[in-house]
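For reference, the structure is listed below as structure tokens.
The values are calculated or read from the model by the stated rules, or taken from the named source; none is laboratory data. The shown structure was predicted, so the numbers you read here are calculated from the model rather than taken from an experiment. Every residue, glycine as well, gets a Cβ built from its backbone with ideal geometry; the counts of neighbours run over all protein chains shown.
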């Protein structure tokens with residue numbers, strides 16, 4: 001790939017439901033969650049270089065730290081077998097501290113690139129999750145049920161589902177660790193059992209009976225999240241409204257691209273300061 005620039009993408013991960021069902025001896029919470037991915041993403045441009053070099057661009061690049069970046073942590077997984085070095089430019093399009101798994105998605109994009117391009121074996125989920133609990137799910141980058149602290153990833157079939165999602169972030173940084181520290185009920189009920197979702201209506205009906213155990217905690221700390229949720233709920237055709245992960249991004253689900261596009265436009269008019277995007281659910 002000398003003199004060739006390769007683009008890979010770190011796609012936004014959305015927790016459609018997130019149940020806290022336990023806590024481990026080391027303090028990490030045990031989760032049961034359904035995640036999907038969108039076409040909204042960060043982009044990484046990779047080129048061979050004399051040494052590993054990471055640079056940033058994009059709307060949300062200003063607060064990034066080269067020394068503490070998940071991309072370089074992902075490269076370190078292969079430092080004993082990989083002789084090549086790379087210049088990587090990260091176009092940071094996803095908000096940070098947003099409940100979208102952006103940093104994990106970027107690390108996952110690098111892992112997929114190296115294992116695919118150089119035919120290296122994929123590291124175990126246990127190894128990958130040391131970078132971040134979301135990284136194993138982001139490596140797969142498909143609709144999944146997530147267990148443990150994030151290292152247990154089971155793909156789910158949503159081929160019968162045709163839905164669009166609108167993402168709204170009030171540009172509030174939320175520390176995932178700080179939210180988990182405030183979880184009081186640590187042994188909640190897991191997700192209801194399911195095998196296959198044959199239609200969008202069935203999927204929505206199922207999700208309505210689930211929850212995000214972190215939503216009330218985050219909204220209590222950052223009241224603007226309640227305003228975001230109410231604004232999404234006021235859009236025409238919304239089927240489900242919820243917060244993703246530990247926040248601060250919230251979402252609405254819709255039956256078509258046209259309805260989702262109109263909803264995004266309505267939300268933008270209500271607050272042009274918020275980050276608003278829409279995408280197919282996949």
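Okay, here's what the table says:
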item	result
The one condition in (1) crowded, with 16+ Cβ neighbours inside 10 Å; (2) modelled with pLDDT under 95; (3) closer than 18 Å to residue 281 by Cα that residue 132 fails to fulfil	(3)
Residue selected from the stretch 236-260 under the condition out of contact with any strand residue (DSSP E or B) (no Cβ under 6 Å at 6 or more places or on another chain) and surrounded by fewer than 21 Cβ atoms within 10 Å (Cβ to Cβ), by the criterion farthest from residue 94 (Cα to Cα)	236
Test: residue in the stretch 100-119 that is under 30 Å from residue 187 (Cα atoms) and not in a helix (DSSP H, G or I)	yes
Residue list for the stretch 148-160, filter: out of contact with any strand residue (DSSP E or B) (no Cβ under 9 Å at 6 or more places or on another chain) and in contact (Cβ under 8 Å) with a residue 12 or more places away in the chain	151, 157, 160
Unique match (being closer than 20 Å to residue 133 by Cβ and either surrounded by 14 or more Cβ atoms within 10 Å (Cβ to Cβ) or over 17 Å from the mean Cα position of the chain (by Cα) (or both)) among 90, 54, 77	77
Wholly within the stretch 133-239, strands (runs of 3 or more DSSP E) carrying at least 2 residues that are under 13 Å from residue 253 (Cβ atoms)	164-169
Complete set of residues in the stretch 120-129 that are part of a helix (DSSP H, G or I) and surrounded by fewer than 17 Cβ atoms within 10 Å (Cβ to Cβ)	126, 127
Filter result for the condition that a residue is touching a residue at least 12 places away in the same chain (Cβ under 8 Å), over 26 Å from residue 102 (Cβ atoms) and in contact with a helix residue (DSSP H, G or I) (Cβ under 9 Å, 6 or more places away or on another chain), over 208, 192, 182	192
